[in-house]
Amino acid sequence: MPQVTVSIDGKAYRMACDEGQEQHLMDLAASFDRYVSHLRNSFGEIGDQRLTVMAGIMVMDELVELQKRVKGMETEIATLRKTRDDALAKADKNDAALTGALANLAERMENLAARLNADRAGS
């Protein structure tokens, strides 16, 4: 199992990860380090554990907000799909009605042409 060393708040941490996930883990650690650095710059020396907890809460807050946005988008997608499906069903119904009307009209025209031909033949 591969291992990488990440740096958070100036401290090195050796971590294991799945094969091929080394860069992803380093990117995650760098992102978390930015939260910790932001808090340290905002609050000064408040203790490593408290700083880490606060950064974790900030990350979780962002995650919850993103999950809400995803849920809203999923709802919007479902609504759009239903609207699309309803429109397609209506279009299919309209196509069927139009096809039926055209078939009826064609039949009437054929009957009329047959009557006209019969009248001409009888004259």
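Brief remarks follow.
- Qualifying residue in segment 15-22 (condition: at negative phi and assigned to a helix (DSSP H, G or I)): yes
- Some residue of segment 68-85 being assigned to a helix (DSSP H, G or I), under 25 Å from residue 36 (Cα atoms) and not β-branched (Val, Ile, Thr): yes
Yes/no matrix, rows are residues, columns are (1) closer than 18 Å to residue 5 by Cβ; (2) in contact (Cβ under 8 Å) with a residue 60 or more places away in the chain; (3) aliphatic (A, V, I, L, M); (4) surrounded by 15 or more Cβ atoms within 10 Å (Cβ to Cβ):
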site: 25; (1), (2), (3), (4): yes, no, yes, yes
site: 33; (1), (2), (3), (4): yes, no, no, yes
site: 57; (1), (2), (3), (4): no, no, yes, no
site: 73; (1), (2), (3), (4): no, no, yes, no
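- Per the conditions (1) at pLDDT below 95; (2) among the charged types (D, E, K, R); (3) not in a helix (DSSP H, G or I), the sole criterion not satisfied by residue 40 is (3).
- Hits in segment 1-33 - residues which are touching a Ser or Thr at 6+ places or on another chain (Cβ under 6 Å) and small (Gly, Ala, Ser): 12
- Complete set of residues in segment 35-55 that are of a type in the set (A, V, I, L, M) and touching a residue at least 24 places away in the same chain (Cβ under 8 Å): 36, 51
- Filtering 98, 80, 51 for residues that are of a type in the set (A, V, I, L, M), under 16 Å from residue 11 (Cβ atoms) and either surrounded by 10 or more Cβ atoms within 10 Å (Cβ to Cβ) or under 17 Å from the mean Cα position of the chain (by Cα) (or both) leaves a single hit, 51.
The values are calculated or read from the model by the stated rules, or taken from the named source; none is laboratory data. Note that this is a predicted model, so its numbers are computed, not measured. Quick reminder, even Gly has a Cβ in these numbers, built from the backbone with ideal geometry, and neighbours come from all protein chains shown.
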